[in-house]
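Worksheet: the structure to be examined is printed underneath.
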Amino acid sequence: MSHPRRWWILGVLCLSLLVLVVDNTVLNLAIPSLMRDLGASPADIQWIIDAYILVFAGLLLTAGSLSDRYGRRRFLIIGLVLFGGASLVATLVTEPWQLIGARALMGIGGSILMPSTLSILITVFDDSERRKAIAAWSAVAMVGVIAGPTLGGFMLQHFWWGSVFLLNVPIAAIAIIAAVLLMPESRGPARGLDPLGAVLSVVGMAALVLLFIEGPRAGWSSAQALGGAAVAVLALGGLVLWERRCAHPMLPLGLFRERDFSGASFSIVLMSFGVGAVLLMLTQYLQFVLGYGELRAGLALLPYAVSAALFNAVGAGLGQRVSNRTLVATGMVVVALGFGALATVGPSDGYGKLVVALLVIGVGGGLAGPAAYATLMGAVPPDHAGVGSALNDTVQQTGSALGIAVVGSVLAGVYTAGMPERAPAAARESIDVALRLGDAGLARTAKESFVSAMSLGSWVGAGFCLLAAVTALLVLRRRPAVEPAADPQPVASS
């Protein structure tokens, strides 16, 4: 049975998710300000972004498993406290390395917070309303895309760069109070701890994300990349072997034998790749090529956010009559078409072509998102809701890290190759530096090189989206996803 306060609880869960989404979308807009005011180099910027992703992805599975054992509401609140506190610390830093550390602390809080949002959702909603709730949960990401750049752009235009992190603090505080007052505690059946599985999971996932980060930067044959690959294979391989023989496994490997779970997981990886690629490319294109300020750049992303949010609701409604398999495949083909449109944008085209591409990408993502998430969580037993939600978040973060690594590598390589040899080394590595040198000819060449790089990156994104569509057609079942039918009763409210 559904919980009587389920819609209020959903509001708390969405608010908790919102704080994470707003932070990440704001950070992309703050890149020029961090370079200018904090003296951050391109490498510093990469680590300010990657420190969060590395810690977040590494701890997700362990945090999700522990939330099943010790209480999902408890972990939600702990995560909000850590995330909000680290955000406050971030506003006080004076050096790039200090901000990298604060971002890592935010990653710890996010990894504890994130799995509880979806795991609590599937325990308080029954089969008849769960799809609508998941659609609302996933639509919040689009609300964050709207609110984050708009509020963040306003703050960056009128205040210092640290104000963008200050946005997280009141949102986290409101979510904490609401969780304490409205939300019941829930947990899975008591089972033993799996400390070795936790260690292997953290090491393996961190090494995997590090591989995606260092491979494009240092070269896939570099010592860093090869070392990361070796550690990831050994740790994750060891995790699989250990979980198969462990009496109380942290990770229920049987989930991966379910076609819907495996197919949805891979589709979400590729879908997240596309979202990460879009935000990475467009925030820089709008500010460096079109010359938009932070607020205007944030508002320029509104068409993508609005179309995705609207078609999230359309996708949830169609899911009652159309199979998830069809919705995921169709949505990803539409996203690929949007990437194709983005690839045709030229340095002198302005905003017109770009807004069409944004609308199309948002439509496709809105159709595919609820179907993919409902399929994945429909294959997860309620007893493992926490670790199942963490797996969902892990594949999203893996896709995002992959998108940033691959598209970031394409952008850097094509941009540098397109710059003249006579240009200063720093200008050949960073469009921001090239524009600030005051050389009109060099600035024009830098913009053309960046747009060429964005075009190739868009074609790469289109290819990954088509691969996601093929995966959905080949792997997912034809029928609509069957959501968990068991009715886990939450333990005593508090």
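The values are calculated or read from the model by the stated rules, or taken from the named source; none is laboratory data. Because the structure is a prediction, the values reported are computed rather than measured. Note that we place each Cβ from the backbone using ideal geometry, even for glycine, and neighbour counts take in every protein chain shown.
Just to be sure, is Glu429 more than 30 Å from Ser265 (Cβ to Cβ), among the charged types (D, E, K, R), in the same structural domain as Arg325 (by TED's automatic domain parsing) and surrounded by fewer than 18 Cβ atoms within 10 Å (Cβ to Cβ)?
Numbers: more than 30 Å from Ser265 (Cβ to Cβ): yes; among the charged types (D, E, K, R): yes; in the same structural domain as Arg325 (by TED's automatic domain parsing): yes; surrounded by fewer than 18 Cβ atoms within 10 Å (Cβ to Cβ): no.
Here the answer is no, as Glu429 does not meet what is asked.
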Single match in Ala135, Ala179, Ala139, Ala172 (criterion: assigned to a helix (DSSP H, G or I), closer than 17 Å to Leu27 by Cβ, touching a residue at least 40 places away in the same chain (Cβ under 8 Å) and not polar (S, T, N, Q)): Ala172
Only one of (1) closer than 19 Å to Leu59 by Cα; (2) in contact (Cβ under 8 Å) with a residue 60 or more places away in the chain fails for Leu239. Which number is that? (2)
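Being at pLDDT below 80 and either basic (Lys, Arg) or farther than 25 Å from Ala313 by Cβ (or both) narrows it down to one of Met106, Met155, Met142, so name that one. First the steps, then the outcome.
Values: Met106 fails: at pLDDT below 80; Met142 fails: either basic (Lys, Arg) or farther than 25 Å from Ala313 by Cβ (or both).
Within the list Met106, Met155, Met142, the selection yields Met155.
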Does the stretch 432-455 hold any residues that are more than 22 Å from Gly39 (Cα to Cα), free of Cβ contacts under 8 Å to residues at least 60 places away in the same chain and buried (at least 17 other Cβ atoms within 10 Å of the Cβ), and which are they? Leu442, Thr445, Ser449, Ser452, Ala453
Conditions (1) touching a Ser or Thr at 6+ places or on another chain (Cβ under 9 Å); (2) assigned to a helix (DSSP H, G or I); (3) surrounded by fewer than 24 Cβ atoms within 10 Å (Cβ to Cβ) -> Val345 fails only (2)
Going by what's in this entry, would Ala229 be described as surrounded by 14 or more Cβ atoms within 10 Å (Cβ to Cβ) and within 22 Å of Ile45 (Cβ to Cβ)? no
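Here is a yes/no grid of residues against (1) at pLDDT below 85; (2) over 21 Å from Arg428 (Cα atoms); (3) acidic (Asp, Glu):
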| residue | (1), (2), (3) |
| --- | --- |
| Leu18 | yes, yes, no |
| Val26 | yes, yes, no |
| Ala30 | yes, yes, no |
| Gly39 | yes, no, no |
| Asp50 | yes, yes, yes |
| Leu61 | yes, yes, no |
| Ser65 | yes, yes, no |
| Tyr70 | yes, yes, no |
The one condition in (1) touching a helix residue (DSSP H, G or I) at 6+ places or on another chain (Cβ under 9 Å); (2) among the acidic types (Asp, Glu); (3) more than 22 Å from Gly153 (Cβ to Cβ) that Glu95 fails to fulfil: (1)
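In the stretch 403-422, which residue that is without any contact (Cβ under 8 Å) to a residue 40 or more places away in the chain and surrounded by 19 or more Cβ atoms within 10 Å (Cβ to Cβ) is farthest from Leu270 (Cα to Cα)? Spell out the reasoning first.
If we filter the stretch 403-422 for residues that are without any contact (Cβ under 8 Å) to a residue 40 or more places away in the chain, which is where we start, we get 415-422.
From the residues that got through so far, the ones that are surrounded by 19 or more Cβ atoms within 10 Å (Cβ to Cβ) too are 415, 419.
Values: Tyr415: 24, Met419: 31 Å.
Result: Met419.
Residue-by-condition table, conditions (1) touching a Leu at 6+ places or on another chain (Cβ under 9 Å); (2) crowded, with 20+ Cβ neighbours inside 10 Å:
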| site | (1), (2) |
| --- | --- |
| Ile120 | yes, yes |
| Thr123 | no, yes |
| Ala133 | yes, yes |
| Val140 | yes, yes |
| Trp161 | yes, yes |
| Ile171 | yes, yes |
| Ile174 | yes, no |
| Ile177 | no, no |
| Ser186 | no, yes |
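A quick yes/no check of all residues on (1) within 19 Å of the chain's Cα centre (by Cα); (2) among the hydrophobic types (A, V, I, L, M, F, W, C); (3) not in a loop (DSSP other than H, G, I, E, B):
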position	(1), (2), (3)
Ile78	no, yes, yes
Gly84	yes, no, yes
Val93	no, yes, no
Gln98	no, no, yes
Ala102	yes, yes, yes
Leu105	yes, yes, yes
Ile108	yes, yes, yes
Pro115	yes, no, yes
Within the stretch 195-305, which helices (runs of 4 or more DSSP H) (wholly inside it) include 1 or more residues that are over 23 Å from Ala468 (Cβ atoms) and not assigned by TED's automatic domain parsing to the domain that holds Gly350? 195-218, 223-245
